[in-house]
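The values are calculated or read from the model by the stated rules, or taken from the named source; none is laboratory data. Everything quoted here is computed from the prediction, not taken from an experiment. Cβ placement follows ideal geometry from the backbone for every residue including glycine, while neighbour counts extend to all protein chains displayed. Side chains are part of the model used for accessible areas, which takes the heavy atoms of the whole protein and leaves out ligands, DNA and RNA. Shrake-Rupley method; radii C 1.70, N 1.55, O 1.52, S 1.80 Å.
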Number of protein chains: 2
Amino acid sequence: MQFLEVDLLTLSMETLRDELLTRANFSDEEVSGIISKFKTVSLDKKESFLSAGKVSDSIAYVEKGSLIYSQTSPEGDDIAIDFAFEGDFVTYLNSFLSDTASDIDITTNEPSILKTLSKTELYDLYQKYPKMERTGRLLLEEGLAKIAKGRTIFQTMDNQDRYLFLMKHSPHILQRIPQYHVATYLGIKPESLSRIRRNLST
Amino acid sequence: MQFLEVDLLTLSMETLRDELLTRANFSDEEVSGIISKFKTVSLDKKESFLSAGKVSDSIAYVEKGSLIYSQTSPEGDDIAIDFAFEGDFVTYLNSFLSDTASDIDITTNEPSILKTLSKTELYDLYQKYPKMERTGRLLLEEGLAKIAKGRTIFQTMDNQDRYLFLMKHSPHILQRIPQYHVATYLGIKPESLSRIRRNLST
DNA sequence: TTACTTTCTTAACAATTGTCAATGAAAAGC
DNA sequence: GCTTTTCATTGACAATTGTTAAGAAAGTAA
């Protein structure tokens, strides 16, 4: 059991290493220096990574598991904003960049292993390894393109087409996230999603 | 008239200069070297900056005027995806990053003056001025935070609240963009936006 | 100015979604 | 095993939005 965990961590460490290596030509020592700053955090199901009211002062690389970004409406409903899976970087930029209180929660959807890095440590790394700026820029470019596409989906498709799009392009979301969270993520009520699914199966 | 235009260009040039200066400590020579690579382009109303089917191979800084990102639905309707105003950088990242054909159009909403830079020139600048990576990263961070917020609005607010949000946070859009474009931007039909406006005024 | 085009509003009806309440199924805890 | 909780589905009705078509208002050009 001990060995299994060590294997798992070793494997996961290499994943983050690959992530960094593919985006800039760091030397092995540089990559090790960067990775050594990350801290491993294990969270149970439904544990919080970021709570509304607190400042998002770190980023996390998802080694294993999944997380849900959610916002509580004035009526008290929880609305899913986004999801994160293995290989994703997690933070709430609106809070992170301006050091202001977050209006969203980020909680685990299942037991998860994260590699975290504080904002201070990240900025130290930018200072120490200027090539990191490129890694940061490339990750942000990909993230921006992805989320912009997501917003376009909302503007151009109706509810059923959004669900079909999710089935086609993000089946892992439907497999791993409870359906009522998928519904609010699509901007509709769980009952409406049930109806859409029923219509599709006939 | 000649003088007026020169004044205008000089003024506008300094705007882009400020944009660069505030995000990294470039020397005056560096800023001049960077800015000299931009080309000034004047477009009339409803002229195209990017057409669907073509690759987005340049970025543009909006010196004056406004532009509309739009997508044509399978039914042939034009849907506004985003708008750009003075001070914004314009490109379609999905196409720009992967050199694939764009599925959206970017056209001027009014006569506009743009400062354009080709992808090749931009990457040369990243190479020549490593500090540019930081400028790029910072612009992307702001852009990502902004567009992520926009998507959250879609997921958490109903149509009326989205319109009220736009009134409060982006009144310039309502002042300068035709209402039927604002409607599709909000994900609704122009007739629905009219109804919402009528309900609000009673 | 007049004529023309574009944009915005209105109304009636159809279609979709939300709301509320009840039931069934699946998962979690004991 | 059982019980309890959570989640998904269904149906009836209300509320909202889409559709279609018409006309009013605003903007453009001759």
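Cα-Cα over 29 Å: which of B:LYS45/B:LYS119; A:LYS115/B:LYS37; B:LYS46/B:LYS131; A:LYS146/B:LYS54; A:LYS119/B:LYS37; A:LYS45/A:LYS168?
A:LYS115/B:LYS37; B:LYS46/B:LYS131; A:LYS119/B:LYS37
Give the separation of the Cα centroids, the range A:40-91 to the range A:139-164, in Å.
20
Expressed as an acute angle from 0 to 90° and rounded to the nearest 10, what is the orientation of the C-alpha long axis of helix B:131-156 relative to the principal long axis of chain B?
0
Quick one: putting +1 on the C-beta of Lys and Arg, -1 on the C-beta of Asp and Glu, what dipole do you get for the range A:46-186 around its Cα centre, in Debye to the nearest 20? Mind dumping the intermediate values first?
Values: 15 positive and 20 negative charges, 106 e Å.
Dipole of the range A:46-186, to the nearest 20 debye: 500 debye.
Give me the mean projected area, in nm² to one decimal, of the convex hull enclosing the Cα positions of the protein assembly as shown.
23.6
Which of the GluC sites (Glu not before Pro) across the range A:56-96 are loop residues per DSSP, with 11 or fewer other Cβ within 10 Å?
A:GLU75
Treating the beta-carbon of each Lys and Arg as +1 and of each Asp and Glu as -1, no other charges, what is the dipole magnitude of the range B:126-171 about its Cα centre, to the nearest 20 debye?
Roughly 240 debye for the range B:126-171.
Counting alpha carbon pairs within less than 8 Å and at least 6 residues apart, what relative contact order, in whole percent, applies to the range A:2-134?
Averaging sequence separation for qualifying contacts and normalising by length gives 33 percent for the range A:2-134.
Using R₀ = 35 Å, calculate the FRET efficiency as 1/(1 + (r/R₀)^6) where r is the Cβ-Cβ separation of A:ASP28 and B:ASP99; round to 0.05.
Calculated transfer efficiency: 0.65.
Using the scaling law 2.2 N^0.38 Å as the reference, what is the normalised Cα Rg of the range A:2-134?
1.11
How far is A:PHE165 from the same spot in each other copy, in nm, shortest first, if each label point sits 7 Å from Cα toward Cβ?
1.6
Considering only the label points, 7 Å along Cα→Cβ from Cα, what distances in nm to one decimal separate B:THR120 from the same position in each other copy, shortest first?
Relative to the other copies, B:THR120 has label-point distances of 4.7 nm.
With axes computed from alpha carbons, what is the tilt in degrees of helix A:119-128 against the longest principal axis of chain A, rounded to the nearest 10 within 0 to 90?
In chain A, helix A:119-128 runs at an angle near 50 degrees to the longest axis.
Write down the accessible area per residue of chain B in Å², having rolled a 1.4 Å probe over the full set of protein chains. Mind dumping the intermediate values first?
Working: 10550 Å² over 202 residues.
Result: 52 Å² per residue.
Accessible area lost on pairing A with B, both sides, 1.4 Å probe, Å² to nearest 100? Please report the intermediate quantities before stating the final value.
Details: alone 12190 and 12210 Å², together 21090 Å².
Buried: approximately 3300 Å² between B and A.
For B:SER170 and B:ARG198 in the same chain, what is the full-extension length gain: residue separation times 0.36 nm, less their Cα-Cα distance, in nm?
8.1 nm
Using alpha-carbon pairs under 8 Å, 6+ residues apart, how would you state the relative contact order of the range B:67-185 in percent?
Relative contact order, the range B:67-185: 28 percent.
Using a 1.4 Å probe on the protein heavy atoms, what percent of the accessible area of the range A:2-134 belongs to carbon and sulfur? Write out the running numbers ahead of the final one.
Numbers: 3540 of 6780 Å².
Answer for the range A:2-134 is 52 percent, counting heavy atoms of protein chains only.
Distances from A:PRO190 to the same residue in each other copy, label points 7 Å out along Cα→Cβ, in nm, shortest first?
4.0
Among all the aspartates and glutamates, which ones have a C-alpha under 15 Å from A:LYS39's C-alpha, if same-chain residues fewer than 8 places away are not counted?
Partners within reach: A:GLU14, A:ASP57, A:GLU63, A:GLU121.
Extension gain B:THR40-B:ASP88, at 0.36 nm per residue separation less the Cα-Cα distance, in nm?
15.8 nm
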